[in-house]
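Read through the structure below, which is laid out as structure tokens, and then see the notes.
The values are calculated or read from the model by the stated rules, or taken from the named source; none is laboratory data. In this text the structure is predicted, and so the values were computed from the model without any measurement. Cβ: placed from backbone, ideal geometry, glycine included. Neighbour counts: every protein chain shown. Calculation scope for accessible area: heavy atoms of the full protein, side chains included, ligands and nucleic acids excluded. Shrake-Rupley method; radii C 1.70, N 1.55, O 1.52, S 1.80 Å.
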Amino acid sequence: MDKLIIKGGKKLKGEVTVSGSKNAALPLFVATILAPGLNEIRNVPFLRDINTTIKVLESLGAQVEGNGHVVRINTSGINSHEATYDLVKTMRASVLVLGPLLARFGQARVSLPGGCAIGARPINLHLKGLQALGAEITLEHGYVEAKARRLKGARINFDVSTVGGTEHLMMAAATAKGETVLENAAREPEIVDLGMMLNRMGAKIEGAGTDTIRIQGVSELSPASYEVMPDRIEAGTFMIAAAMTGGDIRINGMKLEHLDALAFKMQDAGVEITSRDGVVRVKGPKRLASVNIKTRPYPGFPTDMQAQFMAMMCVADGASVISENIFENRFMHVSELLRFGADITIEGNTATVKGIKKLSGAPSMATDLRASASLILAGLAADGTTEVTRIYHLDRGYESIEKKLAGLGADIIRVKE
Ligand code: EPZ
């Protein structure tokens with residue numbers, strides 16, 4: 001296993017380019033199941049989760065080839081309708097293949113994803129929506145069995161805003177008979193990306209990105225080529241890295257409008273953020289001010305930036321109150337940040353962070369994808385040396401992050417453990 005060694009205290013300077021979005025690419029890959037033939041996806045990030053998705057598609061019989069950033073997926077040859085536990089357990093988003101397999105073949109057998117470090121993450125709303133479209137769903141031996149001669153359009157109202165649930169039902173309804181309306185749909189930009197690619201395949205989807213999505217079922221979809229949107233969470237992580245080190249960086253290829261909630265809170269903390277000709281400049285202040293945040297569905301403050309923002313508040317002036325309202329167990333980075341000398345107390349889903357002058361570098365262990373990012377950020381700002389182990393969590397969602405940070409002047413290396 002690899003680990004990262006960081007010598008803190010360097011002010012980040014220079015330019016970095018963000019990769020394609022993990023959370024947009026995963027459903028885009030799955031949607032190719034609906035369109036037999038050769039699909040091409042560009043600006044694909046080079047990540048473990050992408051490789052896992054490729055393995056899932058190949059296990060179904062699809063042919064996948066590509067050099068990392070451009071991936072060609074031919075799904076004509078799909079001859080299995082089963083996504084097995086050993087694949088689904090490594091990446092829960094694989095459960096999204098259920099709807100497309102059901103829509104195309106009338107049946108599917110997909111392992112239940114099980115929980116993950118940040119929470120139980122049930123898929124009850126996915127399954128309830130598929131049943132509303134006419135699927136017969138049974139759960140046995142840890143698998144979801146689904147059958148439907150042809151899915152029929154329906155009105156579906158989500159109890160809670162679910163990104164995966166919205167994506168899943170957009171895909172399943174694309175070729176269902178008649179109209180489907182998704183109410184209280186999630187509005188994340190990654191959903192807009194999926195809607196755009198499905199429409200390029202011939203789907204008739206309106207309202208992706210709003211809380212009401214209308215889908216007129218079509219008889220079939222044809223293969224398409226599509227460019228993945230930039231990864232807004234990777235971009236946000238670099239913004240915080242600049243802010244925490246008093247740096248001054250320019251980020252290429254990101255869409256600042258995808259991160260309004262984060263940018264406004266960072267500006268409240270004293271960070272200068274400007275955007276011109278598609279380049280975002282982020283300048284950290286001498287001393288950060290503390291700011292309160294509450295994570296919310298988009299366009300609210302993104303839960304995927306909570307751990308990184310908390311790392312920043314550890315070295316801000318004053319106290320900041322951070323409430324995590326999306327997942328029930330997304331404070332695992334706290335116990336590791338305490339090892340850097342941070343002053344954080346937790347009460348239920350709320351953490352109170354009292355800013356200190358300086359963090360001190362420490363050996364630490366990643367527990368989930370975004371928690372590992374927060375430990376790297378702490379290490380960049382801390383005095384002395386930091387080690388972060390179990391960075392396979394990091395490789396799920398960040399493409400060569402240590403190279404990109406080193407390119408900004410950070411003293412960070414990846415070594416074999
Ligand atoms: C997506 O997960 C992202 N993953 C997550 O990013 C992100 O944190 C999350 O959306 C919220 O923005 C991908 O896109 C691959 P949800 P998803 O369904 O779709 C509850 C990262 O770090 N819920 O919007 O699984 C659920 O328990 C990852 O990149 C149900 O109760 O999230 C949670 O509390 C982490 N029943 C809330 O909804 C359901 O059927 C939001 O979950 C579905 C969800």
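Which one is surrounded by the most Cβ atoms within 10 Å (Cβ to Cβ), of the residues in the stretch 368-399 that are of a type outside the set (A, V, I, L, M, F, W, C) and more than 16 Å from the chain's Cα centre (by Cα)?
Among those residues, the one meeting the criterion is GLY379.
What number of residues in the stretch 304-325 are open to solvent by less than 20 Å² (accessible area, probe 1.4 Å) and either modelled with pLDDT under 95 or of a type outside the set (A, V, I, L, M) (or both)?
Within the stretch 304-325, residues that are open to solvent by less than 20 Å² (accessible area, probe 1.4 Å) and either modelled with pLDDT under 95 or of a type outside the set (A, V, I, L, M) (or both) number 7.
Would you pick out the residues in the stretch 337-356 that are of a type outside the set (Gly, Ala, Ser), crowded, with 19+ Cβ neighbours inside 10 Å and free of Cβ contacts under 8 Å to residues at least 40 places away in the same chain?
The one that is of a type outside the set (Gly, Ala, Ser), crowded, with 19+ Cβ neighbours inside 10 Å and free of Cβ contacts under 8 Å to residues at least 40 places away in the same chain: ILE344.
How many residues are closer than 24 Å to ARG187 by Cα and touching a helix residue (DSSP H, G or I) at 6+ places or on another chain (Cβ under 7 Å) if we restrict to the stretch 274-297?
The number of residues fulfilling the criteria is 4.
Among the residues of the stretch 200-210, is any more than 15 Å from the ligand (Cβ to nearest atom) and closer than 17 Å to PRO299 by Cα?
yes
Restricting attention to the stretch 98-120, does a residue exist that is assigned to a loop (DSSP other than H, G, I, E, B), out of contact with any helix residue (DSSP H, G or I) (no Cβ under 7 Å at 6 or more places or on another chain) and buried (at least 21 other Cβ atoms within 10 Å of the Cβ)?
Yes, the stretch 98-120 contains a residue that is assigned to a loop (DSSP other than H, G, I, E, B), out of contact with any helix residue (DSSP H, G or I) (no Cβ under 7 Å at 6 or more places or on another chain) and buried (at least 21 other Cβ atoms within 10 Å of the Cβ).
Exactly one of these conditions fails for LEU60: (1) within 16 Å of the ligand (Cβ to nearest atom); (2) open to solvent by less than 10 Å² (accessible area, probe 1.4 Å). Give me its number.
Against the list (1) within 16 Å of the ligand (Cβ to nearest atom); (2) open to solvent by less than 10 Å² (accessible area, probe 1.4 Å), LEU60 comes up short only on (1).
Quick check on my filter: what residues within the stretch 144-162 are buried (at least 20 other Cβ atoms within 10 Å of the Cβ) and either within 30 Å of GLY119 (Cα to Cα) or within 15 Å of the ligand (Cβ to nearest atom) (or both)?
VAL144, ALA146, ILE156, THR162
Out of curiosity, is MET196 more than 10 Å from the ligand (Cβ to nearest atom), open to solvent by 10 Å² or more (accessible area, probe 1.4 Å) and either outside any loop (DSSP other than H, G, I, E, B) or under 15 Å from GLN131 (Cα atoms) (or both)?
yes
Which residue pairs have Cβ atoms closer than 8 Å, lie 6 or more positions apart in sequence or on different chains, and pair a first residue in the stretch 265-279 that is polar (S, T, N, Q) with a second residue that is in a strand (DSSP E or B)?
The qualifying pairs are GLN267/ILE273; THR274/VAL280; THR274/ARG281; SER275/ARG281.
Restricting the stretch 1-50 to residues that are within 16 Å of the ligand (Cβ to nearest atom) and among the charged types (D, E, K, R), which is least open to solvent (accessible area, probe 1.4 Å)?
Residue satisfying both the conditions and the ranking: ASP49.
Can you tell me which residues in the stretch 109-143 are over 14 Å from GLY99 (Cα atoms) and either under 18 Å from the mean Cα position of the chain (by Cα) or within 13 Å of the ligand (Cβ to nearest atom) (or both)?
Of everything in the stretch 109-143, those that are over 14 Å from GLY99 (Cα atoms) and either under 18 Å from the mean Cα position of the chain (by Cα) or within 13 Å of the ligand (Cβ to nearest atom) (or both) turn out to be PRO113, GLY114, GLY115, CYS116, ALA117, ILE118, GLY119, ALA120, ARG121, PRO122.
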